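Student: Here it is: the structure, laid out below.
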Protein chains: 2
Amino acid sequence: MSADGKTGLQLRSLIKKNGELEISLLQVPTPEPSADEVVVRVEASPINPSDLGLLVGAADMTTAKAAGSKDAPVVTARVPDAAMRAMAGRLDESMPVGNEGAGTVVAAGESAAAQALLGKVVAAAGGGMYSQYRPVNVALLLELPAGATAIEGAASFVNPMTVLGMVETMRMENHSALVHTAAASNLGQMLNRVCIEQQIPLVNIVRKPDQEAMLRAAGAVHVCNSASAGFMAELIGALKATGATLAFDAIGGGRLASQILTGMEAAASAAAGGYSRYGSAVHKQVYIYGSLDRGPTELTRSYGMAWGIGGWLLTPFLQKAGLERVAQLRDQVAAGLTTTFACSYTAQVSLPGALSLDAIASYGRQATGSKYVIIPSRAA
Amino acid sequence: MSADGKTGLQLRSLIKKNGELEISLLQVPTPEPSADEVVVRVEASPINPSDLGLLVGAADMTTAKAAGSKDAPVVTARVPDAAMRAMAGRLDESMPVGNEGAGTVVAAGESAAAQALLGKVVAAAGGGMYSQYRPVNVALLLELPAGATAIEGAASFVNPMTVLGMVETMRMENHSALVHTAAASNLGQMLNRVCIEQQIPLVNIVRKPDQEAMLRAAGAVHVCNSASAGFMAELIGALKATGATLAFDAIGGGRLASQILTGMEAAASAAAGGYSRYGSAVHKQVYIYGSLDRGPTELTRSYGMAWGIGGWLLTPFLQKAGLERVAQLRDQVAAGLTTTFACSYTAQVSLPGALSLDAIASYGRQATGSKYVIIPSRAA
């Protein structure tokens, strides 16, 4: 970071045609902001699961090697041949990373909206936020409430809007309750708080007893442990109690999505009465929004014909919801920044620190309870 | 069949709590038609894949045994334990079978609509059509065009309306071309004719070279053989040429649905340019409407986030389309009964004949090119 902000470090991810991933830090000039842009000095930017896809791509991080210097570290790793097809679109292109972050506005374009933000602490969903300085359009900024810090605002977009997007999708598609997997995650805890506040029945699916206890302590009524022997019976019980016919699944691979549909069908059949060889008429839906298990999804299709499964992504949801509704949701987030939508971190790292093999091994595991935030404004 | 039509044979399927399937023929009294009903003497009723689910359920038909007499045959078979859960809703309930058929109206209720059909040849989607006499509500009847026979009209509902439903779904969900699997089936040939007539680009997926040749001879432009070594490349080529982003899959199990989504994504990425780690923004959809392979569906999810897969069933589609539109589609079917929507049969059997082990082995295989029609009015 140059003293005058004219240049700054930026994290780049590059996958070469030969199958090598290279993560590095470049010193890049800070672009002049256009009329509707401001330059944010990034003071906090979280490493979300949604960032890892771009950061490490399909690389096998057990092959990661460190090179370069302490100030200019370079990490390399191998992308398995079988995964290279999916990387075709980004080969040999050095890409900035980091969906969101927060910091101080140090320069502003000519427009009144931009000028009004000079000196303010803002949250930004601008992409490329693993940078010391980043120009961002004012439309992608949220001015933080007075007194809120950059760390408090750093993750105010992706997780909060995803959580509110799930609730909004539930309403738009005429469901009245939700199922959530990997429910002990930062995002899952947030969804649990929002559902309690909005009195939405929620079935939390976790994988460990301590996660179960943690969510119950946070007020969750329905928590099922997919690793327990009685899982299917517990799940069906919770689905009967809540009437949930919509699930958001962060795991993706394996049989869990299919088990959820099976459970929903069992609950719906119990409620319906009368046999139909096509199953219940109630539509049962699972949206996969993450890929903690990159393996294939296996569907037994033992749930009649009224079911669907598909990908769910924040950006198309926001487009569907419309600008006005999104602005309302952003206001909800701002109002609950340090309560409902609070995010806690287990580690803070500088940009060079984010490239240490230890850090990568830790945040790359995507383990529940391990959450990193990058502080680009910190030197090392 | 009693001479006066007061009683008649009816095929029944029963799955007992002990896991035994029993298919039998009962002599049942013909109900008096209510005001809006007519009694149809059923002269032809096809064995569709959608009938087999109710007829044999989850039974393993390699264990089928014949019993009873020549006139009153009984067939029994075992339902594997693992499949009994899905049968829970129908246990110990003797169920009539046969979604559709055609025949002559021999009695009518008091309403003018019913009386007007006396003596007419009608197609009926009334359920329980594997019967010698069947009361059907006039709303479920189609009077056949003058000169059309019961055999020509027997299959005028399920397959034709499914085909038109696919085309209608394509339009309702903003796609402009279709992919179809098991495309050499009776239904597939019909879809091919409709798509040619309506100039809808169609990618036909088959499993054998002779099916490929047959469809090409019928005017199909894009035919891919999923058993050929170059399948994925051919499929991607056809998807690029047609821009198809909607598929209807009759197979269900295995990887084909996922391969289609992979192919659609490859075609969409080639058209888009620019990398997004979430894949193309184009929504790619597969509807599973059959289950020729009852095994699990395996999804690799190597097609970004804008994808969906789900069950598709005729009845909910008809409800969504609305009465008026359905009536228009029925008129299309009537107009093309012996051309576009013609169905050919490889064998005609009586009700007792439908219970011979040879016949069951043949139609139970659901092999393309093997299609049975039951002639209930025939004695044996």
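Student: Treating only the Cβ atoms of Lys and Arg (+1) and Asp and Glu (-1) as charged, compute the dipole magnitude of the protein assembly as shown about its Cα centre; round to the nearest 20 debye.
Tutor: 1020 debye
Student: Take peptide B:292-299, look around each residue's Cβ out to 10 angstrom, count Cβ atoms belonging to other protein chains, and average those counts.
Tutor: The mean count of partner-chain Cβ atoms within 10 Å per residue comes to 5.
Student: Report, as a whole number in µm² per second, the diffusion coefficient that Stokes-Einstein gives for region B:226-289 at 25 °C and 0.890 mPa s using the Kirkwood radius over alpha carbon pairs.
Tutor: On the way: Rh = 12.3 Å.
In µm²/s, the coefficient rounds to 200.
Student: If you don't mind, another one. With just the Cα atoms defining each centre, how far is region B:134-206 from region A:84-138? Give it in Å.
Tutor: If we compute the Cα centre of each part, the gap is 52 Å.
Student: Starting from a label point 7 Å past Cα on the Cβ side, list the distances from A:Q348 to the same position in the other copies, nm, shortest first.
Tutor: So the label point of A:Q348 gives 8.6 nm to the other copies.
Student: Separate question: When Cβ neighbours within 10 Å are restricted to other protein chains, what is their mean count per residue of peptide A:226-232?
Tutor: Shielding by partners across A:226-232 averages 0.
Student: Kindly compute the accessible surface that chains A and B hide from a 1.4 Å probe when together, both sides summed, and give it to the nearest 100 Å².
Tutor: Summing both sides, the interface buries roughly 2900 Å².
Student: What's the carbon and sulfur percent of region B:33-132's accessible surface, probe 1.4 angstrom, rounded to a whole number?
Tutor: 56 percent
Student: What are the radius of gyration and Dmax of region A:223-380, computed over its Cα atoms and given in Å?
Tutor: Just the Cα atoms of region A:223-380 yield Rg and Dmax of 20.1, 68 Å.
Student: Order A:41-47, A:262-268 from most to least packed using the mean count of other Cβ atoms within 10 Å. All intermediate terms of the calculation are to be shown ahead of the outcome.
Tutor: Numbers: A:41-47: 26.4, A:262-268: 24.7.
Ranked by mean Cβ neighbours within 10 Å, highest first: A:41-47, A:262-268.
Student: Give the average, rounded to an integer, of partner chain Cβ atoms located within 10 angstrom of each Cβ in A:85-93.
Tutor: Mean partner-chain Cβ count within 10 Å for A:85-93: 4.
Student: In sequence order, what are the phi-derived ³J(HN,Hα) couplings for region B:91-102 according to the Karplus relation 6.51 cos²θ - 1.76 cosθ + 1.60 with θ = phi - 60°, rounded to whole Hz, with x for glycine and proline?
Tutor: Going residue by residue, I get 4, 6, 10, 7, 10, x, 9, x, 5, 8, x, 8 Hz, with x marking Gly and Pro.
Student: Now for a separate question. How large a share of the accessible area of region B:259-369, in percent, is made up of carbon and sulfur atoms when the probe is 1.4 Å and the other protein chains stay in place?
Tutor: On region B:259-369, the fraction of accessible area on carbon and sulfur atoms equals 53 percent.
Student: Looking only at chain B, where both bridge partners belong to it, what percent of the DSSP beta bridges are antiparallel (to the nearest 5)?
Tutor: 65 percent
Student: All other residues with a Cβ under 12 Å from the Cβ of B:V28 taken together, and with Lys, Arg as +1 and Asp, Glu as -1, what is their net charge?
Tutor: +3
Student: Express the accessible area of chain A per residue in Å², computed with a 1.4 Å probe while the remaining protein chains stay in the model.
Tutor: Value for chain A: 40 Å² per residue.
Student: Quick check on packing: order B:24-30, A:185-191 by the mean number of other C-beta atoms within 10 Å, highest mean leading. Present the calculation step by step, with values, prior to reporting the outcome.
Tutor: Working: B:24-30: 16.7, A:185-191: 23.6.
By packing density, highest mean first, the sequence is A:185-191, B:24-30.
Student: Would you mind listing the distances between the A:A213 label point and the same position in each other copy? Use 7 Å along Cα-to-C-beta, nm, one decimal, shortest first.
Tutor: Once sorted, the set of distances for A:A213 reads 7.1 nm.
Student: How many Lys pairs in chain A lie less than 29 angstrom apart by Cα atoms, where the lysines are 8 or more positions apart or on different chains?
Tutor: Step by step, the pairs that qualify in chain A add up to 15.
Student: Near A:S176, within a Cβ-to-Cβ distance under 14 Å, what is the net charge of the other residues, with Lys and Arg +1 and Asp and Glu -1?
Tutor: +1
Student: Compute, for chain B, the length of the dipole vector about the Cα centre, with Cβ point charges of +1 (Lys, Arg) and -1 (Asp, Glu) only. Units Debye, rounded to 20.
Tutor: Details: 29 positive and 30 negative charges, 156 e Å.
Value, rounded to 20: 740 debye.
Student: Shortest first and in nm with one decimal, please list how far the B:K16 label point sits from its counterparts in the other copies (point 7 Å along Cα→Cβ).
Tutor: Counterpart label points of B:K16 in the remaining copies fall at 7.2 nm.
Student: While we're looking at this one, here's another question. Could you work out the helix-only [θ] at 222 nm for the protein assembly as shown, with each DSSP H run of four or more residues adding -39,500 (n - 2.57) and the total divided by the number of residues, to the nearest 500 deg cm²/dmol?
Tutor: -8500 deg cm²/dmol
Student: Determine, for each peptide in A:105-111, A:175-181, the mean count of other beta carbons within 10 angstrom over its residues, then list the peptides with the highest first.
Tutor: Packing order, densest peptide first, comes out as A:175-181, A:105-111.
The values are calculated or read from the model by the stated rules, or taken from the named source; none is laboratory data. Remember, predicted model here, so these are calculated numbers, not experimental data. Because the Cβ atoms are built from the backbone with ideal geometry, glycine has one as well, and the counts that use them run over all protein chains shown. Side chains are part of the model used for accessible areas, which takes the heavy atoms of the whole protein and leaves out ligands, DNA and RNA. Shrake-Rupley method; radii C 1.70, N 1.55, O 1.52, S 1.80 Å.
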